[in-house]
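First comes the structure, then the notes that go with it.
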Amino acid sequence: MGTRFLPATKSMPKEMLPIIDKPVLQYVIEEAIDSGIEDILIITGRGKRAIENHLDYSPELEGFLRQAGKEHLIEKVHDIADRARIFYIRQKVQRGLGDAIRIGRRHIAGEPFAVLLGDTIIQTRSDRPGLRQLLDAYEEKQASVVAVHKVPHEWVSRYGIVAGQPDNDIENLYKLDHLVEKPDPAHAPSDLAIAGRYVFSSAIFECIDKTKEGVGNEIQLTDAMNLLATQESVYALDWKAKRYDIGNRVEYAKCFIDYALKRADTREAILEHLKKNMDLIANDNQV
Ligand code: G1P
């Protein structure tokens, strides 16, 4: 529901919040496409129509840009609609992440598949996009794999937390024996938090079927994965990527600033602005 972003999310889903000039969801979709995914199913819900409109053609807007002599912008609004086959299913009642994933079952039709949470942007330090790294681990191990990152211990109750043993072949990979959703810090099995990217074998669906409501009275994907780990191998890759949880206001602001500092067309001006503000703060003046 994006409640932490009200009133901005009153009529717009949080996945459509912009980072400079692109909505968060577009970064997520581009990560999937750049990782080799060609078929994308978006689980949406009421009030998320803006997502479908964004990923569609917009003849009126394109006509306007042509008339206004701004042809160079046409590709920007057209491109994402052409780069993948995109399908949609609406989740009628919000019963949790596990339930949302189960809605994709018929579309998946028994194949392995990836899950990308639409409110998480991943910036890796390697030239392989985040999801590609997980797909590579899946291909090598032929087993489900989830991305994790280390969080401060007091944050563990915000995330799915995993515990396991280091793998002998792949660096930063763990074979999992235990997963728990949003644990009390006193009982958390580690500080490794699930980071919004997963690759599953289709056996996860039967595990979701057997999963009862958990934390928040929702069907939790983490609980289903904990069951999956008792039946077949499940791995976690601590991929040393930067992860922005856009559902969190501070993380969103950090993400916006980081992208503004990365982009050539905004970098200098933002850097100058930040330096000026730092000077003001150092001199005890209001920004
Ligand atoms: C979901 C998952 C959680 C994971 C988190 C990552 O939680 O249930 O395991 O760590 O996404 O962002 P949510 O953010 O929906 O509460």
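For this structure, a couple of remarks:
- Quotient of the Cα radius of gyration of the stretch 52-145 and 2.2 N^0.38 Å, N being its number of residues: 1.45.
- Of all DSSP beta bridges in the chain, antiparallel share, percent nearest 5: 70
- Considering only I122, I40, I270, the Gaussian network model of the chain with Cα springs below 10 Å gives its largest mean-square fluctuation to I270.
- Loop-located trypsin sites (Lys or Arg not before Pro) in the stretch 31-94, at most 12 other Cβ atoms within 10 Å (DSSP): R46, K70, K92
- Entry for the stretch 135-287 at q = 0.10 Å⁻¹: log10 I(q)/I(0) = -0.48, Debye formula applied to identical alpha-carbon scatterers, no solvent contribution.
- Largest GNM mean-square fluctuation across G98, G214, G118, computed for the chain with C-alpha springs under 10 Å, falls on G214.
- Charge tally for G160 (other residues, Cβ to Cβ under 15 Å; Lys, Arg +1; Asp, Glu -1): -4.
- DSSP loop GluC sites (Glu not before Pro) with at most 13 other Cβ within 10 Å excluded, longest remaining stretch of the chain: 39-170
- Surface accessible to a 1.4 Å probe, I170 within the full protein complex, Å²: 40
- The chain, relative contact order in percent, only Cα pairs under 8 angstrom and at least six apart counted: 21
- The radius of gyration of the Cα set in the chain, together with its Dmax, comes out at 20.3, 62 angstrom.
- Lysine pair count for the stretch 133-239 (Cα-Cα distance under 24 Å; residues 8 or more apart in sequence or on different chains): 7.
- The alpha-carbon of K76 sits under 20 angstrom from the alpha-carbons of these lysines, leaving out residues fewer than 8 places away in its chain: K22, K262.
- Springs join every pair of Cα atoms under 10 Å in this Gaussian network model of the chain, and among V250, V234, V148 the largest mean-square fluctuation is at V250.
- The chain: calculated mean residue ellipticity at 222 nm from DSSP helix runs of at least 4, using -39500 (n - 2.57): -10500 deg cm²/dmol
The values are calculated or read from the model by the stated rules, or taken from the named source; none is laboratory data. Everything quoted here is computed from the prediction, not taken from an experiment. Note that we place each Cβ from the backbone using ideal geometry, even for glycine, and neighbour counts take in every protein chain shown. Remember, those area values only see protein heavy atoms, side chains included, never the ligands or the DNA or RNA. Shrake-Rupley method; radii C 1.70, N 1.55, O 1.52, S 1.80 Å.
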